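Student: Okay, here's the structure, questions in a sec.
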Amino acid sequence: MAKIKKQRTWDLRMKGRGKRRSKLTGNARGLVSKYGLYISRKDFRERAVELGFRKYS
């Protein structure tokens, strides 16, 4: 039987909050993951109306 090498890529080793990144900017801080958006908080504030969200107050 041949030995199978384990892949040691950075993406496989990262776990938790550091692995999740914004779809638009790649930023990992202030991530809005609700409803499967996965965009940063700053981008959400800029594009909320385009995404169909409305500000009530």
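The values are calculated or read from the model by the stated rules, or taken from the named source; none is laboratory data. Here the structure is a predicted model, which means the values were calculated and not measured. Neighbour counts run over all protein chains shown; Cβ positions are idealised from the backbone, glycine included.
Student: Could you pull out the residue among K55, K5 that is exposed (fewer than 11 other Cβ atoms within 10 Å of the Cβ), in a loop (DSSP other than H, G, I, E, B) and at pLDDT below 80?
Tutor: Unique residue meeting the criteria: K5.
Student: Further question on the same structure: Which residue pairs have Cβ atoms closer than 6 Å, lie 6 or more positions apart in sequence or on different chains, and pair a first residue in the range 24-48 that is exposed (fewer than 12 other Cβ atoms within 10 Å of the Cβ) with a second residue that is at pLDDT 90 or above?
Tutor: Listed pairs, sorted by first residue: T25/S40.
Student: Next up: Answer yes if at least one residue in the range 22-33 is touching a Leu at 6+ places or on another chain (Cβ under 9 Å), part of a loop (DSSP other than H, G, I, E, B) and modelled with pLDDT of 90 or more, and no otherwise.
Tutor: no
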